[in-house]
C-alpha cells in the first residue's frame, strides 16, 4: 500500500454552492479518454500541455450546420473562418466538407491557397488589404469584401486603365438591437453610407458588385438580430435591383454563432442558453425567403461560422505542477498551461475535468498557469477534486481562437494532435523549440561574443 501524502488540517467554512435544478451536489467523472484514446497515452507520446483535436466532432458539426440551413433554403454556402483556427489539418477537414475559405489577412489568404482552395472560393474580408494584397485577390478572382472608402479607392486606382475586373461586395454594419454596435467595420446602413458605397461601385465598370456582407458580432445569443440583419441586407439587394437592374448573387451573414462554452459572469451554463444552429438557420432563411425575391433571383446565403463549429472539437490536456494555500486560506493549483495558450480563459469559464480517479473530496480552488504574471489565471474559482503534483486535467471546448491567438510568451507553444475518424493520432503542429524562436533573430556583429 502506497504511503498517503500529508496535508495539514485546515478549518474551512462549509459552502454548499448555489442551488440549481439538480440540487447542490456536483458530481465529477474522470475524463481518461478522448475519442477513445487514453489521455496518458497522448501525453506520454506528445508531452504536456497538449492540444487534441477531434476530426469526428468537426465533421459532425459541419454536417449538422449544413443540414440545418440546406433543409430550409435551396442555396447555402459555408466558408471556413481561418482566424478561428488556421491549423491546416483543421481547415482541410472543413474544405472536404464543402466549405470555402474566409480570410482577413494576406497571411490567411496565402494559407488558403496553399491548402488548395481555388481563388474564386476565397472570401477576403477585413480592413487591412494593401494594394499588393488586392492585386493578388484580383488575379485569383477572389471575392473582395470592401471595408472602407480608402480600400474602394485603392481598388479603383489599381484597376484603372487595365482589363482586369474585381468581384466585390461591401461589408455593412447596422443596428440589430444588440449593443454596443459593431460599427467600426464596413459601411453603415442607417445613415446611408452603405448605399453611397454601392453607388460608387456601380459607377466603376471595373468593379463587379456580386454580394452584400455583414458580421454583426460574436457569441451572439439573439437569433432575432440575425433576422434584422438579413432583412436589411435584403432591403439593399432589392434597391440595387430596382435602381440598377442588378441581381445580387449572395448575402453573406458572417458568423458569430455562440458555442456552448460559458461566458464569465453568466448565471446559466452556456449549453442552457445558446440558440441551436437550427434556431439561427430558421431566423435567417425565413427572413430571406419572405423578402419578396423572385424564385429564380434568390441570393445564395453564405455563412462564415467558426466558433460554433470548432470550439467543442478540441481539448487541452495539462498537468498539475503544484498545490498551495493562498494567504486567505484558499487552495490554489498551479498547472503547466497558462493564458498564453488559453487566451479565451479571459472570457470563458472553461469546463475542467480530472483525467484520473480521485477521492470524493472536492474544494473550491483557484487554477493558475505557470507564467510569472499575476494575470495568468485560468479559473478564479472552480470546484474540483483535490489534486496532486503530476495529476492531469482536461480543459474542454478550446478549439476556437486559442490556437490562433496563442502567444510565445515565457513558454513555447506545444504539440497539436488530431484524432482521426478511426482513432489514429496524427501530429498536425510540432511543438516549438529554441531554434524556432531564434531563427528570426539577427545578431549585430559588434554584439557577438569574441
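None of the figures in this text is laboratory data; all of them are computed from the coordinates on show. None of the values given here were measured: they were computed from a predicted structure. We place every Cβ from the backbone using ideal geometry, glycine too, and count neighbours over all the protein chains shown.
Expected output is a single nm value to one decimal: the length gained when fully extending between residue 381 and residue 420, i.e. 0.36 nm times separation in residues minus the C-alpha distance. What is it? Present the calculation step by step, with values, prior to reporting the outcome.
On the way: separation 39, 0.36 × 39 = 14.04 nm, distance 3.43 nm.
Fully extending the segment from residue 381 to residue 420 adds 10.6 nm.
Say each of residue 107 and residue 374 gets a label point 7 Å from the Cα, pointing the same way as Cα to Cβ; how far apart are those two points in nm?
3.1 nm
When the Cα centres of region 349-420 and region 263-340 are compared, how far apart do they sit, in Å?
That distance is 18 Å.
Arranged by the count of other C-beta atoms within 10 angstrom, fewest first, what order do 142, 160, 54 take?
On the way: 142 26, 160 9, 54 22.
Sorted ascending by nearby Cβ count, the order is 160, 54, 142.
Rounded to the nearest 0.05, what FRET efficiency is calculated for residue 63 and residue 356 with R0 set to 56 Å and r the Cβ-Cβ distance?
On the way: r = 33 Å, r/R0 = 0.60.
Between residue 63 and residue 356 the formula returns 0.95.
Name the residue, out of 112, 283, 258, whose mean-square fluctuation peaks in a Gaussian network model built on the chain with Cα pairs under 10 Å.
Ranking 112, 283, 258 by mean-square fluctuation puts 283 first.
So, R0 is 41 Å and r is the distance between the beta-carbons of residue 286 and residue 430; what FRET efficiency does that work out to, to 0.05?
Details: r = 46 Å, r/R0 = 1.13.
The computed FRET efficiency comes out at 0.30.
For the pair residue 139/residue 32, report the inter-label distance in nm, with labels modelled 7 Å from Cα in the Cβ direction.
Computed distance between label sites residue 139 and residue 32 equals 5.7 nm.
For the chain, give the share of DSSP beta bridges that are antiparallel, in percent and rounded to the nearest 5; count only bridges with both residues there. Don't jump to the answer; show the numbers that get you there.
On the way: 32 of 70 bridges.
Bridges in the chain that DSSP calls antiparallel: roughly 45 percent.
Percent of alpha carbon pairs in region 126-303 separated by more than 27 Å?
For region 126-303, the fraction of Cα-Cα distances above 27 Å is 31 percent.
Ratio of region 73-124's C-alpha Rg to 2.2 N^0.38 Å, to two decimals? Present the calculation step by step, with values, prior to reporting the outcome.
On the way: Rg = 10.2 Å, N = 52, 2.2 N^0.38 = 9.9 Å.
This ratio for region 73-124 stands at 1.04.
Rounded to the nearest 0.05, what FRET efficiency is calculated for residue 160 and residue 114 with R0 set to 35 Å and r the Cβ-Cβ distance?
On the way: r = 31 Å, r/R0 = 0.88.
Given R0 = 35 Å and the Cβ-Cβ separation, E is 0.70.
Among DSSP beta bridges lying fully in region 126-303, give the percent that are antiparallel, nearest 5. Display every interim value, and only then the final one.
Values: 0 of 19 bridges.
Rounded to the nearest five, the antiparallel share is 0 percent.
For residue 405 and residue 447, compute 0.36 nm times the residue count separating them, minus their Cα-Cα distance, and round to one decimal in nm. Working shown, then result.
Numbers: separation 42, 0.36 × 42 = 15.12 nm, distance 3.29 nm.
Answer, rounded to one decimal: 11.8 nm.
Can you put 377, 214, 372, 91 in order, fewest other beta carbons within 10 Å first? Spell out each step's value before the answer.
Numbers: 377 18, 214 27, 372 8, 91 24.
Result, fewest neighbours first: 372, 377, 91, 214.
Apply the a/c threshold of 1.5 to the C-alpha gyration tensor of region 291-450 and tell me whether it is rounded, prolate or oblate. Don't jump to the answer; show the numbers that get you there.
Details: a/c = 2.01, a/b = 1.20, b/c = 1.68.
Oblate shape, in that a/c is at least 1.5 and b/c is the bigger or equal ratio.
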